[in-house]
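Undergrad: A single structure is presented below for examination.
Laboratory data are not the source of any read-out in this text; all were calculated from the coordinates shown. Keep in mind that what you see is a predicted model, and the values were worked out from it rather than measured. Because the Cβ atoms are built from the backbone with ideal geometry, glycine has one as well, and the counts that use them run over all protein chains shown.
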Amino acid sequence: SALVHVHSNAPPAHADPRLKLAVRKYLVLLDMNGTICYRSEQAVSGATPDLYVRHKYYYAREGMHEFVRALAGCGAFEVCVYSSMMEHNVRAGLDAIFPRDVRQCISHVLDRRMNKP
């Protein structure tokens, strides 16, 4: 069978009904250490860190939960997280920062193994 790429869920008026439709999605790559959260070697006065790993404090950015839910909910985006940390630390961080429903919106986690010299 053939594969047709379209920009919406509706098939083109002239499309053969036997064709399978694939909806294009845009990849949104969120950097854990900057976009998703603020990382600091010093505690931020008056704030409670969401995560503490290897002498670094992590504070989730305000509105990040709603932002990820909105991206994943509209159906046009694949949400991916990147960090230079090791995968088990990234996943522990995501567990600490995001509630389960938001973590389920994240389709891929890329860690330091993706770095190239």
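Undergrad: Filter segment 26-73 down to residues that are under 15 Å from Ala92 (Cα atoms) and of a type in the set (Val, Ile, Thr) and give me whichever is nearest to the chain's Cα centre (by Cα).
TA: Looking at residues that are under 15 Å from Ala92 (Cα atoms) and of a type in the set (Val, Ile, Thr), I get Ile36.
Undergrad: So, one more: Say we look at segment 51-71 and pick out the residues that are crowded, with 17+ Cβ neighbours inside 10 Å and touching a residue at least 40 places away in the same chain (Cβ under 8 Å); which of these is farthest from Asn33 (Cα to Cα)?
TA: Top of the filtered list is Leu71.
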